[in-house]
Amino acid sequence: MTTLSVAEGVPEARNYPYNCWWVAAFGNEVGRSLLGRWLLDTPVVLYRREDGTVAALEDRCPHRQAPLSIGQLKGDTVECGYHGFCFGADGSCVRIPSMDGAPPANYSVKGFPVKEVGPLVWIYVGDPSVIDTVPPPPELPWMADPGFATQSGRMEISANYMLLKENVLDLTHLVYVHASSFQVADWTDPPEVISDSETVQYCQRFVNSPLAPGYALSLGVPPGTPWNREARGAFLSPALHEGCVDFQAPSKPESQPARFRVVHAATPVDQTHMLYFWMIGRDFAKEPEAMEHLVGVISKGFDEDRVVLEAIQAHANRRPRRGSTGERSVKADAAGIQARRIVARWMEREA
Amino acid sequence: MTTLSVAEGVPEARNYPYNCWWVAAFGNEVGRSLLGRWLLDTPVVLYRREDGTVAALEDRCPHRQAPLSIGQLKGDTVECGYHGFCFGADGSCVRIPSMDGAPPANYSVKGFPVKEVGPLVWIYVGDPSVIDTVPPPPELPWMADPGFATQSGRMEISANYMLLKENVLDLTHLVYVHASSFQVADWTDPPEVISDSETVQYCQRFVNSPLAPGYALSLGVPPGTPWNREARGAFLSPALHEGCVDFQAPSKPESQPARFRVVHAATPVDQTHMLYFWMIGRDFAKEPEAMEHLVGVISKGFDEDRVVLEAIQAHANRRPRRGSTGERSVKADAAGIQARRIVARWMEREA
Amino acid sequence: MTTLSVAEGVPEARNYPYNCWWVAAFGNEVGRSLLGRWLLDTPVVLYRREDGTVAALEDRCPHRQAPLSIGQLKGDTVECGYHGFCFGADGSCVRIPSMDGAPPANYSVKGFPVKEVGPLVWIYVGDPSVIDTVPPPPELPWMADPGFATQSGRMEISANYMLLKENVLDLTHLVYVHASSFQVADWTDPPEVISDSETVQYCQRFVNSPLAPGYALSLGVPPGTPWNREARGAFLSPALHEGCVDFQAPSKPESQPARFRVVHAATPVDQTHMLYFWMIGRDFAKEPEAMEHLVGVISKGFDEDRVVLEAIQAHANRRPRRGSTGERSVKADAAGIQARRIVARWMEREA
């Protein structure tokens, strides 16, 4: 048993690029009051301007360092709750109550670029001078497609965000972590993996394989009915993962598949905590009762993931701690390992 | 956005002198039982001798390091709760039950000089060899003046003590932090500031200015009545701040003013925690019901301060944390900045 | 008052040898489910094989570092709850669900040697290459002797394990810590101490000394009856301390004494926490009601110790913290100091 080692898989140093678009919130979390949130080691305050667009500022008054989020939103302006300094939506200081005339130019806070894409609010907290070189947030048309019924949720998880990224890139965990929730028993082999320099994707095809009860229910056939499905999952950026399952009746191989989609957006709060935003959608079984049932199963399942990831992180957090024999990987980790390499390149670019 | 910086205003290193008199307790907290308290990175046990005077010892038995405060007070002697070592009120070890004869001289604990002045118990935990060069505790006659009705309270605040000192030296925060409690709407301009090498004082005069509801109630006139008042606040030592408001009817400019007084004594527990002792007094509206009402308003208001100070400190405590653009000051900070300089000189003197 | 010093008695560096047998659990805590436990900075999972013998493995899957203890026990095999990797009771990886064929040899976890001796399960988490040079767990025949009635308990104590070891080697604390529980008033003098390179033992003889109420009750005589007793206590290893009291009626000096025994096994979790396993036994007053009463008194007494030890450790854990005048020892500490020296030699041997 060796001493503590970085080769154990749980990162011991920052592994999230600042120069990247990340999900800050669901759009429906942001309104006409101040929402304070730590993201990427950075205090952020979010709100909607009167025209409905989202603004994001450094959540820390440059005067005496109070979080602006304990202040007031007045029009498009944030008023600090301590001495009333006011900041415009771009971060510029527009009023200092105890001072006559215009505030000095450098009494501003950082304003962070924001993009609202479908139900997600994206933020860029990195170096402004390189923002044009940074890939834009991935867009997933189904998230705003009225042909899909969708649901979403948010969790705080006390674990490094890459633990979640790797979790959703290796679904051989379904059989163990989600034995009682998703009940998918046939995901045992490592999938095919395709990657390029910025993304990695797995693909797994199931032919005439018995449907798990949840799948069968949504498709209107008895549990265990042999069915065809193709599952794909893609690391689209450090911030976003998309999972897809296309279902097709074996008797109708040429028909349009029934489509299930899921987004996993894991935003680091710091090295050992993340905000986890998820959204699911499908273009079948869209009735409210069916969707409500689906959300129940999904919530239970994602909570099972949380328990595992937090247990791993809690172990890694212990000090003193004797190191393990090191990390051992298998073919099913191919996509996750590729994802780590992509993230390492992001980190190198901003070093 | 720079990396973590000491220029942000929240201290990253010790900023409280040990060689200084600090408030350890209210006199009525100290009696014939042992009161353990961490003050200035130092464990302290306080009690009253049989003659009523206060004693303060290092709260840690030199034998096996048990806190003496979990032991027993016997006469003027503290008996350790672990093996019964006994210490006199000067810290000398007077009995070791398992040892015949007198204990060795160096089996003592530190005894700390104490002064009881009015309702406050002061302690000196610093270098004994320089105590004569250290200014004595400031005395405020009104605290023991029967012409004043007084009330007091104590809070534990998870913030560096200087955050409170600066808070009470810049009352432009009244309008924002205490909008619903004190309701003082006219404190917008920076006050006049006077300082010397050891103290700093602000002075603000309000002429024919509408009285806040609380002020008006105590003076027996309708809220909003134009009135004259002079507000002063003084950093008298790192340990003590005095605030004063003198009220005078515009129609009787030569009359004796109605006097309101407040003491803020913030004693560092450590770098990010303080004990906050406050006392208020006035020589008008002294009936019990009026004072009770005042205490309710004051308690609400000081709790509003606590929320702000703890939010600032909690932000500053985060690790990792990306630094701010730095601290930006305005004229209203003049007194607070002067106080920092005075404290810096205290620190230099003991370096 | 000096700065923080290691001379204060509360260890500031690891003071527990890994190359030593330690108590991991009571036998009746370990069964056919997985018991995860941090011991000696090491995650351990314990369980019983189908043949009833105890197995102990590193509680951390080498794949993605999940604690194995959140998985399943299947036969003698532990299945990881994350991706289903299976490990035999010796730690070898016997199955990887997503991989055909036998797992690579180095995909194993550490298996820790275990010995079950009477009611105790011992573990060795140290260097396997030197295990033969390490003394075996001490055996205490009375623990499994049907002539003794026994009871046991376990506590988690937030203190360094040596604080407990020293506590039980200096019973002059009885008079102070346990004044209201054990009520032993006559243990004031330091006992005789005998030591060799690996053990240290004290011996205290009481002749015609009034019996404490608990002792008297168990012997069937009135409290305060003069009686003879001999109390001995032995540091048998860093892991185990045995205490003995032999009672003898003054009128029957040649008779077989009534024997009371106690084991204190303190296993470090880390530097500031321990698991404390205790067992008591006696060959008299063995009726269930008498033993139940004894357990009540013992539990109260050991909790009094916990309060003191945690108070000492909590003081020592404070940062920043001004150091004490240093540790001062007396003759009654002779056995404890000898124990520290023995432990220091254990540490040197594995350095």
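Figure the gain on full extension for C:GLU254 and C:SER158 (residue separation times 0.36 nm, minus the Cα-Cα span) and round it to one decimal in nm.
In short, 30.1 nm is gained.
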If one takes the accessible area of chain B alone plus chain A alone and subtracts that of the pair, with a 1.4 Å probe, what total in Å², rounded to the nearest 100, results? 3000
Under the Karplus relation 6.51 cos²θ - 1.76 cosθ + 1.60, θ = phi - 60°, what is the ordered set of whole-Hz ³J(HN,Hα) values for the stretch B:231-242, x standing for Gly and Pro? 10, 10, x, 9, 7, 8, 6, x, 8, 9, 10, 10
Hey, can you grab everything whose amide H is under 5 Å from the amide H of C:GLY36? Only 5+ residues off in sequence or another chain; H modelled, so Pro and N-termini drop out. C:LEU46
If you take the beta carbon distance between C:GLU50 and A:SER180 as r and set R0 to 22 Å, what does 1/(1 + (r/R0)^6) give as a FRET efficiency, to the nearest 0.05? 0.30
For the protein assembly as shown, what is the mean residue ellipticity at 222 nm derived from helices alone (per DSSP H run of n ≥ 4: -39500 (n - 2.57); sum divided by total residues; nearest 500 deg cm²/dmol)? -6000 deg cm²/dmol
List the relative contact order of the stretch A:173-233 as a percent without decimals, with contacts defined as Cα pairs under 8 Å and 6+ residues apart. 28
Of the GluC sites (Glu not before Pro) in the stretch A:189-270, which ones lie in a loop per DSSP and count no more than 11 other C-beta atoms within 10 Å? A:GLU254
If the label for C:ARG319 sits 7 angstrom from Cα along the Cα-to-Cβ line, what are its distances to the same label in every other copy, in nm to one decimal, shortest first? 0.6, 0.6
Could you give the distance between the Cα centres of the stretch C:207-265 and the stretch A:104-140, to the whole Å? 76
Through the Karplus equation 6.51 cos²θ - 1.76 cosθ + 1.60, θ set to phi - 60°, convert the phi angles of the stretch A:146-162 into ³J(HN,Hα) values in whole Hz; use x for Gly and Pro. x, x, 10, 8, 10, 8, 8, x, 9, 9, 9, 10, 7, 7, 4, 4, 5
Inter-copy label distances at A:GLU350 (7 Å, Cα→Cβ; nm, one decimal): 4.2, 4.2
Those aspartates and glutamates that a straight Cα-Cα span of less than 17 Å connects to B:LYS286, excepting residues fewer than 8 apart in one chain: B:ASP145, B:ASP246
Of the accessible area of the stretch B:43-202, with the probe set at 1.4 angstrom, what percent is carbon plus sulfur? 48
Express the accessible area of the protein assembly as shown per residue in Å², computed with a 1.4 Å probe while the remaining protein chains stay in the model. 39
For A:GLU139, list long-range residues whose amide hydrogen, built 1.01 Å from N in the peptide plane, is under 5 Å from its own amide hydrogen. none
If each label sits 7 angstrom from Cα along the C-beta direction, how far apart, in nm, is A:ASP186 from its counterparts in the other copies? 8.1, 8.1
If the cut-off is 19 Å between C-alpha atoms, which lysines fall inside it for A:LYS165, apart from same-chain ones fewer than 8 positions away? A:LYS300, A:LYS331
Which of the residues in the stretch C:104-140 show a loss of at least 10 Å² in accessible area from their chain by itself to the complete set of protein chains, at a probe of 1.4 Å? C:ASN106, C:TYR107, C:SER108, C:LYS110, C:VAL125
The relative contact order of the stretch A:92-198, taking Cα pairs under 8 Å that sit 6 or more residues apart, comes to a percentage of 11
List the lysines whose Cα sits under 19 Å from the Cα of A:LYS74, skipping any in the same chain fewer than 8 residues away. A:LYS110
Considering only C-alpha atoms, what is the centroid distance from the stretch C:294-332 to the stretch B:321-351, in Å? 40
Distant-in-sequence amide H partners of B:ARG328 (H built 1.01 Å from N, under 5 Å): A:HIS63
Which whole-number percent is the relative contact order of chain A (Cα, under 8 Å, 6+ apart)? 21
For chain C, longest principal axis from Cα atoms; helix C:334-350 axis from its Cα atoms; angle between them, nearest 10 degrees, is 20
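For the stretch C:74-113, state which chymotrypsin sites (Phe, Trp or Tyr not before Pro) are in a DSSP loop and have at most 13 other beta carbons lying within 10 Å of their beta carbon.
none
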Where along chain A is the Cβ that lies nearest the axis linking it to chain B, and how many Å separate them? A:ARG319, 8
Whole-Hz ³J(HN,Hα) for each residue in the stretch B:208-223, computed from phi via Karplus 6.51 cos²θ - 1.76 cosθ + 1.60 with θ = phi - 60°, x for glycine and proline: what do you get? 6, 9, x, 6, 4, x, x, 4, 4, 4, 6, 8, x, 10, x, x
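The values are calculated or read from the model by the stated rules, or taken from the named source; none is laboratory data. Computed from a predicted structure; not experimentally measured. When we count neighbours, we look across all protein chains shown, and the Cβ atoms used for this are built from the backbone with ideal geometry, even at glycine. Note: areas computed on protein heavy atoms with side chains; ligands, DNA, RNA excluded. Shrake-Rupley method; radii C 1.70, N 1.55, O 1.52, S 1.80 Å.
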